[in-house]
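Read-outs throughout are calculated quantities, based only on the coordinates presented, and are distinct from any laboratory measurement. Everything numeric here is computed off the predicted structure, so don't read it as measured data. Because the Cβ atoms are built from the backbone with ideal geometry, glycine has one as well, and the counts that use them run over all protein chains shown.
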Amino acid sequence: MSEHHHHHDHHHDHDHTDPPSDLELRVKSLESLLVEKGLVDPAAIDLLVDAYETKIGPRNGAKVVAKAWSDPAFKKWLLEDATAAIASLGFTGRGGEHMKAVENTAKVHNVVVCTLCSCYPWPVLGLPPVWYKSAPYRSRAVADPRGVLKEFGTGLPEDVEVRVWDSTSEVRYLVLPERPANTDGWSEEQLATLVTRNSMIGVEKARTTDN
Amino acid sequence: MNGAHDLGGMHGFGAINAEPEATEPVFHADWERRVFGMVRAAGALGKWTSDMSRHARERQHPVDYLRHTYYENWLAGLEKQLLESGLLTAEELRTHKAGGKADDATRQRVLTTSDVPRVLVQGSPATLPAEGPPRFQPGQRVRAFNRHPPGHTRAPRYVRGRTGTIHEHRGAHVLPDLSAQGIRAGHHLYSVRFEAAELWGDSAARDCVYVDLWEDYLEPAG
């Protein structure tokens, strides 16, 4: 059943993601062994993978953010009890049991990392991108957040406080970006188009209305 | 443990080189899909905790941990756990031939397609009542112990011996240090704010790092 995903495979030129064929064989052999032992059902694996490729991703988080921008009562709830507020929109599951939303303002910018592994709010953002799990990001986000933000094209004035959230427990962080200017009267659906995954990790701001 | 996974503050890894958000796929190869799915499906057998999974990845040789891609580390951790839990023998893993079926009790827990919809929306909360009330209050100054336990811990090296301020009490959560040994114990968890200058030396920027730390990691600071 996984065959229908093959068109997603990207044959790009990063050495670190081009596995040697013995790795592919090792994975196939392990799965066959686990199936033979009766320990895994490959059809269940197909369904799990499909859900994270097609349903559980950053469009969920964008809906949360757009609602918080549109509805002050929801925003208050999100900042007080993010787990419940997010669950009310139907986004629950592994990596979302204990949620915290942190709000960006004109004077505070939040950015999220997991220096020890790859903790990430799966129900709202899906599985993390490669860079979030990589040694360069994990090593530098806590010690040089402004340098990291600059690499993402995000420059901040000196008087803005940068708050880095290191996800060392089962609590997962969602950044609530600032609502872009010139969006008065926009619907939640329109606003959600301005909310990028990276803006909810905090390495970028939300899109502006001119791009 | 002071492993290669504890990366905060290390130098020399170079630029982040993020793939563009709009075009980065969720998985970069089919084998990554299978590893992700196998880890989730094998986890459902209930033989280990997520802290045991993290510790299995961390216990690789540091050179291997850093050289491997992310899902290679997941694969290495999964193989280690399958052996240590007794679900596979070393002989089976080496030859990729099953010595026999798993026992009935284990096979009754196998994740099936009908379980998946429930598994996708149901998490497993880490909250567990602690003995006694929280020892620290918001605003209180605390120091992270300068401890270097050989086992699993979630106190990163860069906060050890450093002083911060309790931001919030997060309730009582399972202590990872014990959970990695298969023992479930609830301990008070706090969000602790550390100023950048305290962690990294004199810094002109008004920056800070918030770290979730268990009461067991902290002592009062003057």
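Computed values, structure above
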quantity	calculated
Cβ-derived FRET efficiency at R0 45 Å, B:Ala185 paired with A:Ala106, nearest 0.05	0.60
The range A:86-131: C-alpha gyration tensor shape, a/c 1.5 cut-off, then a/b vs b/c	oblate
Simple spin-label estimate for B:Glu168 and B:Thr23 in nanometres, 7 Å along Cα-Cβ	3.8
The range A:94-109 and the range B:18-90: distance between their alpha carbon centers, rounded to Å	27
FRET E, pair B:Ser114, B:Ala221, Förster distance 56 Å, beta-carbon r, rounded to 0.05	0.60
Debye log10 I(q)/I(0) at q = 0.12, 0.15, 0.20 Å⁻¹ for the range B:128-222, Cα point scatterers	-0.37, -0.57, -0.96
Quotient of Cα Rg and 2.2 N^0.38 Å for chain B, N being how many residues it contains	1.19
Approximate shape of chain A as ellipsoid semi-axes (Cα gyration tensor, √5λ), whole Å, largest first	33, 21, 17
Whole-Hz couplings from phi, Karplus 6.51/-1.76/1.60, listed for the range B:186-202; x for Gly and Pro	x, 10, 5, 10, 10, 8, 10, 9, 10, 6, 4, 5, 5, 7, 10, x, 3
Degrees, to the nearest 10: B:70-84 long Cα axis against longest axis of chain B	70
Exposure proxy order (Cβ contacts within 10 Å, fewest to most) of A:Met200, B:Met10, B:Met38	B:Met10, B:Met38, A:Met200
Per-residue Cβ neighbour rank within 10 angstrom, fewest leading, A:Val49, A:Val142	A:Val49, A:Val142
Fraction of beta bridges assigned by DSSP in chain B that are antiparallel (%, nearest 5)	95
Alpha-carbon centroid distance for the pair the range B:108-172 / the range A:72-93, whole angstrom	21
18 Å cut-off, amide nitrogen to a point 7 angstrom out along B:His96 Cα→Cβ, residues in the range A:18-54	A:19-42
Rule-of-thumb Rg ratio for the protein assembly as shown [Cα; 2.2 N^0.38 Å; N residues]	0.97
In the range B:58-147, GluC sites (Glu not before Pro) in a DSSP loop with at most 11 other beta-carbon atoms within 10 Å	B:Glu131
Residues A:Val108, A:Val148, A:Val65 arranged by fewest to most Cβ contacts within 10 Å	A:Val108, A:Val148, A:Val65
Selection from A:Ser32, A:Trp131, A:Thr92, by position along the positive dipole direction of the range A:20-201 (Cβ)	A:Trp131
For the range B:1-101, alpha-carbon Rg and Dmax in angstrom	15.8, 48
0 to 90° range, to nearest 10: angle between helix B:30-43 axis and chain B longest Cα axis	80
Unpaired by the 4.7 Å Cβ criterion, cysteines found in the protein assembly as shown	A:Cys117, B:Cys208
Backbone HN-Hα couplings from phi across the range A:156-168 [Karplus 6.51/-1.76/1.60, Hz, Gly and Pro as x]	10, x, 4, 7, 8, 7, 9, 10, 9, 10, 8, 7, 8
